[in-house]
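Asker: Starting off with a structure, shown below.
The values are calculated or read from the model by the stated rules, or taken from the named source; none is laboratory data. Please read all numbers here as calculations on a predicted model, not as lab measurements. Neighbour counts run over all protein chains shown; Cβ positions are idealised from the backbone, glycine included.
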Amino acid sequence: MRRLLALAGLLCVLGFAGYLVLTAPFTWDELHPSRDVADAGPPDLANGHSLFYAGSCGTCHASPAQKDETHLGGGLALTSGFGTFYMPNISPDQADGIGGWTTAQFIRAMREGVSEHGDNEYPAFPYTSMQRMTANDLRDLFAFIKTLPAVAGKARGHDLKFPSRCGGASASGSSSFSTANRSSLIHRKA
Ligand code: HEC
């Protein structure tokens, strides 16, 4: 009996470890072909402006209790069955927003839901809807965001229920919904 329990325990640990490895961003990178990268040319700010409003970035990321959608200090609460998400600051502030990010980091976050530090983002951030965007469109969007006011102050951390607060849980969202790397979907039909 004791052996059976030990075996069951071992299987649980191995299963959990396997889950973490399978859902880790580096496993995703290894298993999927690399995507297009942005051209070095100057960004198209008008295109970035259109994408910003088409993607409704301000609806979630604008600071609450004010009307300016380009004031991207975050902090708005999104309540869900998983707990409460607080929108992060995505203004160009170097310390508290995404002003210090590289274009490649921004593109990865938007298409793959992987944060600046390589962690999985929660799918409350609708990156699964943006996974088919081209790198050039995202470069333009990032350049446009950088023209907006820098807002100081980090938004508070999410207040999630167990097990949603465990890092790997968000990765299951990435794995379940992301289809972007299927090559037929990568290229925008002209
Ligand atoms: C439905 C609400 C919603 C919309 C619309 C939305 N986001 Fe977000 N976004 C979130 C949430 C929630 C997070 C935090 C996810 C997490 O912490 O794992 C997030 C995270 C991010 C991050 C990562 C920030 C960080 O510090 O890691 C970036 C970058 C981002 N969003 C950019 C955008 C842009 C650009 C748009 C518009 C094209 C947009 N978002 C639209 C909800 C939204």
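Asker: Which pairs do you get when a residue that is β-branched (Val, Ile, Thr), found in region 108-132, comes within reach of a residue that is near the ligand (Cβ under 7 Å from one of its atoms) and not in a strand (DSSP E or B), reach meaning Cβ atoms under 7 angstrom, with the pair 6+ apart or on two chains?
Answerer: Val114/Glu121
Asker: Hey, can you tell me all the residues within region 29-70 that are of a type outside the set (Gly, Ala, Ser), within 14 Å of the ligand (Cβ to nearest atom) and in a helix (DSSP H, G or I)?
Answerer: Correct list: Asn47, His49, Leu51, Phe52, Tyr53, Cys57, Thr59, Cys60, His61.
Asker: Also: Kindly indicate whether Ala143 is farther than 16 Å from Tyr53 by Cα, in contact (Cβ under 8 Å) with a residue 40 or more places away in the chain, away from the ligand (no atom under 11 Å from the Cβ) and more than 16 Å from the chain's Cα centre (by Cα).
Answerer: On the way: farther than 16 Å from Tyr53 by Cα: no; in contact (Cβ under 8 Å) with a residue 40 or more places away in the chain: yes; away from the ligand (no atom under 11 Å from the Cβ): yes; more than 16 Å from the chain's Cα centre (by Cα): yes.
No; evaluated as a whole, the condition is false for this residue.
Each row is one residue, and each column tells you yes or no for (1) over 19 Å from Glu116 (Cα atoms); (2) of a type in the set (Ser, Thr, Tyr).
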residue	(1), (2)
Leu5	yes, no
Thr23	no, yes
His32	yes, no
Ala46	yes, no
Leu51	yes, no
Gly58	yes, no
Gln66	yes, no
Thr70	yes, yes
Gly74	no, no
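Asker: So, in region 71-97, how many residues would count as being under 16 Å from Phe142 (Cα atoms) and either outside any loop (DSSP other than H, G, I, E, B) or within 9 Å of the ligand (Cβ to nearest atom) (or both)?
Answerer: Going through region 71-97 one residue at a time, the tally reaches 5.
Asker: Could you please find all residues in region 109-133 being surrounded by fewer than 21 Cβ atoms within 10 Å (Cβ to Cβ) and either on the phi > 0 side of the Ramachandran plot or of a type in the set (Val, Ile, Thr) (or both)?
Answerer: Gly118, Thr128, listed by residue number.
Asker: Please determine whether any residue of region 159-173 is hydrophobic (A, V, I, L, M, F, W, C), surrounded by fewer than 17 Cβ atoms within 10 Å (Cβ to Cβ) and at pLDDT below 75.
Answerer: At the first step, the residues of region 159-173 found to be hydrophobic (A, V, I, L, M, F, W, C) are 160, 162, 166, 169, 171.
Now restrict to residues that are surrounded by fewer than 17 Cβ atoms within 10 Å (Cβ to Cβ): 162, 166.
If we keep only those that are at pLDDT below 75 as well, we get 166.
Looking through region 159-173, at least one residue is hydrophobic (A, V, I, L, M, F, W, C), surrounded by fewer than 17 Cβ atoms within 10 Å (Cβ to Cβ) and at pLDDT below 75.
Asker: Tell me, which residue of region 21-44 that is loosely packed, with under 14 Cβ neighbours inside 10 Å and farther than 21 Å from Arg132 by Cβ is modelled with the highest pLDDT?
Answerer: Pro42
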